[in-house]
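Encoded as structure tokens, the structure appears first; notes follow it.
The values are calculated or read from the model by the stated rules, or taken from the named source; none is laboratory data. Please read these numbers as outputs of a predicted model, since none were measured by experiment. Positions of Cβ are generated from backbone atoms using ideal geometry, with glycine treated the same way; all protein chains shown enter the neighbour counts.
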2 protein chains.
Amino acid sequence: MNESIASEKKKLPSESKTTEREDLGITVHKQEDFSEWYTQVVLKAELADYAGAKGFIVLRPNGYDIWERIKEYFDSRIKKTGHRNAYFPTLIPESLLKRESEHFEGFVPEVFWVTRSGTEDLLDRYAVRPTSETIIHDSMSRWIRSWRDLPLLLNVWNSVLRAEIKSTKPFIRSTEFLWQEGHTAHSSEAGAEKEVMDILLVYRDVMQDLLAIPVYIGRKSEKEKFVGAVYTTTLEAMMPDGKAVQMGTSHHLGQNFSKPFEIRFLDKEGELRFVWQTSWGISWRIIGALIMEHGDDKGLVLPPKAAPIQIVIVPIIFSTGKAAEIESKCREIEGELNKAGLRTTFDSRENYTPGWKYNDWEMKGVPLRIEIGPRDLANGTAVLVRRDTGKKRTIVTSDIVRESSTVLEDIQSNLWTQASKRLDQQTVMVKSYGELREVMEEKGGFAKAAWCGSADCELKVKEETGADIRLLPFDEMPAPQSNCVVCGKPATEIAYFARAY
Amino acid sequence: MNESIASEKKKLPSESKTTEREDLGITVHKQEDFSEWYTQVVLKAELADYAGAKGFIVLRPNGYDIWERIKEYFDSRIKKTGHRNAYFPTLIPESLLKRESEHFEGFVPEVFWVTRSGTEDLLDRYAVRPTSETIIHDSMSRWIRSWRDLPLLLNVWNSVLRAEIKSTKPFIRSTEFLWQEGHTAHSSEAGAEKEVMDILLVYRDVMQDLLAIPVYIGRKSEKEKFVGAVYTTTLEAMMPDGKAVQMGTSHHLGQNFSKPFEIRFLDKEGELRFVWQTSWGISWRIIGALIMEHGDDKGLVLPPKAAPIQIVIVPIIFSTGKAAEIESKCREIEGELNKAGLRTTFDSRENYTPGWKYNDWEMKGVPLRIEIGPRDLANGTAVLVRRDTGKKRTIVTSDIVRESSTVLEDIQSNLWTQASKRLDQQTVMVKSYGELREVMEEKGGFAKAAWCGSADCELKVKEETGADIRLLPFDEMPAPQSNCVVCGKPATEIAYFARAY
């Protein structure tokens, strides 16, 4: 019996792809049709679905669980530095939204307007929240009186809506998205600027430490900054298809909002002064990047730290003989692993073969699978199968907590290493406009170039190659006497150009 | 020095009320002006604030933290029974909302309509989510194929909007409110009905076990049920002012939605059948009830299980002599208590006197205060002060974890006992319509009465006394041969009448 099970085990994973799951597996290769591959992973791993309303998506439980992991990670980090969560209204009166005019103009084309309440027309129409600066600053103007009230460090987990004219791409581009928006007020400009950078570095940890996605950080150009900000800092990742994803932004608002919203405080000397402010956000878009970054032809691949389920235990039961004993062993191990803090689930579903289950959990990206069959039961062993490399290893079950921990750590670090290597390969320094165009036309990625700082050159690159300036790094300067790759005038900055989602 | 501190300690709590905090404390008595008292607690404990948009409120961090406690409690309970969280769009196309017509008619007067996107008119206008049955059922119709997909147990944490014509009362009545809405689909009516009741009992635990608010459970009358439901079950609490609060509802939807939304599944015999459904929700309204139920003239009183901060440690420092040692002792105890799982914070703020801090934390409802001064330091003691009774007790610090645990448990049970006694006192069986009117006119509360089941009698009571039927209990029947207190015809039910928020 053991023999036949061993051969079953070998055959199942490949067989099942062409038999049991024809319509369930991914039908294209990631390398060949990236866009279709992405959509299939999103839908077939049941992360999200298109909604009954055009341009909107539904976040399904598998996707929601990942979002919760991200929330917990970020939330616990910012709570340690005194930030607190709150909730502000979904609807913002037009009169409030208009108070900071540049910001208002920037959002007008994307705003959904509520004009009727029940059967009556509204006098002051409402915007469905495109972002909450205005309504939060309105509250801050009532809450802040003295230096004792500062810094005021608020965060909100909510959704925002922006009418999208382009087609929907789940997580990456949809009319509504879940995000967090932080809004802070400080007594000094230095305090606000420190906050902008502190948060940017927490965001970097979310991306790199939790999601294993390497990012570059830097400033946005004037053209690309948040409307209403003095300056915007950003985190940018590079996808396998050569397009960048903006992973999050942290804005220095200066006194651009505190003046129109009259947010003032009495300083220690008794003088009335305007506060300095920041705002910052990351959205479920980073789940989109996570899928693109690590996924493969079998579906989603989740880094263990971000995985709602880190380990799945699949029993290998072909006859009823040992079924009860195997199941009981699986439950015992499940309990042991969970007790050790490893998020483990036992797949006890009947009516599904082990092979079907392998594919199902591979599709969902669970980092580690543990298989236990009759032979394992007899030998006191279990088989560990890594999602990232597919490698199998038989271990003794008395070591299972330590072995599983080690493998999970190794998967996290392997995904990080692979992603970092790719980012290196996808980042090139270009010396001429010709090279820049070539990079964009051929394989995409980041092209680093010396730039004169002019918006005309930036626009020319956008029009001719489709690439934006994704960021201006904090710590890289053009070589002395180097010239802008676009116009040839003296360069003042290094710019990272890329096409982007 | 010890002497003077001891006397300081005695004086501070009462003194400070009339000196330092004139504008900070509650200025009315709960017994005398309940409504004004409530508003002051909400605003001064910084639980919520009125928003820049009329009818809307802002949930401030102190309120949000309580909501988070409720979320965690409920979420962990329903996850154990296989429910999973998801997120669905804020905007619902009118065409979807209309598909179940009774439900639609019920919500029309309260719906906010989005008619414009950017600068363009929309053809199919959007409702800003008043509840999500329709958009979720639309998705369910695509997700459910066979009996294997059932039960489908979804939950959503979001906000809903209902245009309110009456005045705003934070938590109790506002245009937008945070809530959770559960939506489930089952293969049998029995499965759906069991779900309705299972959830109702989890809700009861939220109210009673977590919030220490006793509730009655039962069915709503036809007139009061959720539009679109076959029947609605409810939890009702009684406030000190004699008005009831509906704490949550759990609805049996039958096939009222599955038919128009065509949610069908192949059963084990291969037959295509419509699913049976439920929906259920609790909102931040229960925070309003929490405030009313337990609060006193000093402000909020939180049951320890629901308190984001269970213990606050206040150092008694009047000279700089022992300041460092006291602070270090406080931090040590803070660490010890937190390690033991008691949510503790050390109030190290400078520039505030101990008395000011006492009042501040009393206002915020923290269940237990620990005071540590120079004498305590010398004696190895600490003073525990209960928020519910105000009683002080000196203990040795080596016992502090055990003593604090015991006191917190006792506070939870004391609040429960007090509230239960009051509910008993506020529930009376009435034998005649005259008695019913008298109860409603005099002190309010629940009037239990035999009822014939007719909507006419229900309406007459509403019109003449302002009282609704809050619930029809599951387990109480009218005495044989008893008659309806309104019309005198034979009674078929016991009804709980009350005026309500």
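Yes/no matrix, rows are residues, columns are (1) assigned by TED's automatic domain parsing to the domain that holds residue A:193; (2) closer than 14 Å to residue A:216 by Cβ; (3) in contact with a Ser or Thr (Cβ under 6 Å, 6 or more places away or on another chain); (4) modelled with pLDDT of 95 or more:
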{"position": "A:448", "(1), (2), (3), (4)": "no, yes, no, yes"}
{"position": "A:451", "(1), (2), (3), (4)": "no, no, no, yes"}
{"position": "A:457", "(1), (2), (3), (4)": "no, no, no, yes"}
{"position": "A:462", "(1), (2), (3), (4)": "no, no, no, yes"}
{"position": "A:469", "(1), (2), (3), (4)": "no, yes, yes, yes"}
{"position": "A:479", "(1), (2), (3), (4)": "no, no, no, no"}
Please work out if residue B:404 is modelled with pLDDT of 95 or more and under 30 Å from residue B:38 (Cα atoms).
-> yes
Among the residues of the range B:451-464, count how many are surrounded by 22 or more Cβ atoms within 10 Å (Cβ to Cβ) and not in a helix (DSSP H, G or I).
-> 1
Filtered residues of the range B:431-446 (kept if farther than 15 Å from residue B:218 by Cα and outside any loop (DSSP other than H, G, I, E, B)) = B:433, B:434, B:435, B:436, B:437, B:438, B:439, B:440, B:441, B:442
Would you point out which residue out of A:187, A:141 is within 12 Å of another protein chain (Cβ to nearest Cβ) and more than 30 Å from residue A:64 (Cβ to Cβ)?
-> A:141
Counting only residues in the range B:48-81 that are of a type in the set (Asp, Glu) and either touching a Pro at 6+ places or on another chain (Cβ under 7 Å) or within 11 Å of chain A (Cβ to nearest Cβ) (or both), the one farthest from residue A:140 (Cα to Cα) is identified as B:75
Going through the range B:481-501 one residue at a time, which ones are more than 16 Å from residue B:223 (Cα to Cα) and crowded, with 22+ Cβ neighbours inside 10 Å?
-> B:485, B:486, B:491
Taking the condition out of contact with any Cys (no Cβ under 8 Å at 6 or more places or on another chain) and within 28 Å of residue A:164 (Cα to Cα), does residue B:123 pass?
-> yes
Filter result for residue A:160 (outside any helix (DSSP H, G or I), under 18 Å from the mean Cα position of the chain (by Cα), hydrophobic (A, V, I, L, M, F, W, C) and crowded, with 18+ Cβ neighbours inside 10 Å) | yes
For residue A:94, are the conditions met, namely being within 26 Å of residue B:93 (Cα to Cα), over 23 Å from the mean Cα position of the chain (by Cα), in the same structural domain as residue A:253 (by TED's automatic domain parsing) and in contact (Cβ under 8 Å) with a residue 24 or more places away in the chain?
-> yes
Given (1) in contact with a helix residue (DSSP H, G or I) (Cβ under 7 Å, 6 or more places away or on another chain); (2) within 12 Å of another protein chain (Cβ to nearest Cβ), index of the condition residue B:151 fails | (2)
When you go through (1) within 28 Å of residue B:116 (Cβ to Cβ); (2) at pLDDT 95 or above; (3) not in a loop (DSSP other than H, G, I, E, B) one by one for residue A:153, which number turns out not to apply?
-> (1)
In the range A:386-404, anything surrounded by fewer than 18 Cβ atoms within 10 Å (Cβ to Cβ), touching a residue at least 12 places away in the same chain (Cβ under 8 Å) and part of a helix (DSSP H, G or I) is listed as A:398, A:401
Tally the residues that are buried (at least 20 other Cβ atoms within 10 Å of the Cβ), farther than 19 Å from residue B:286 by Cβ and not hydrophobic (A, V, I, L, M, F, W, C), restricting the search to the range B:191-218.
-> 1
Of (1) loosely packed, with under 14 Cβ neighbours inside 10 Å; (2) in a helix (DSSP H, G or I); (3) aliphatic (A, V, I, L, M), residue B:477 fails just (2)
Test: residue in the range B:120-134 that is closer than 30 Å to residue A:309 by Cα and more than 9 Å from chain A (Cβ to nearest Cβ) = yes
Being among the acidic types (Asp, Glu), under 25 Å from the mean Cα position of the chain (by Cα) and crowded, with 16+ Cβ neighbours inside 10 Å, is that true of even one residue in the range B:136-150?
-> no
Name, by its number, the condition in (1) in a loop (DSSP other than H, G, I, E, B); (2) surrounded by fewer than 13 Cβ atoms within 10 Å (Cβ to Cβ) that does not hold for residue A:365.
-> (2)
So which of B:286, B:333 ends up being surrounded by 23 or more Cβ atoms within 10 Å (Cβ to Cβ) and in a helix (DSSP H, G or I)?
-> B:286
Pick from the range A:96-119, criterion in contact with a strand residue (DSSP E or B) (Cβ under 7 Å, 6 or more places away or on another chain) and within 9 Å of chain B (Cβ to nearest Cβ), ranking: surrounded by the most Cβ atoms within 10 Å (Cβ to Cβ) | A:114
Residues in the range B:379-399: is at least one acidic (Asp, Glu), at pLDDT below 95 and out of contact with any Phe, Trp or Tyr (no Cβ under 8 Å at 6 or more places or on another chain)?
-> no
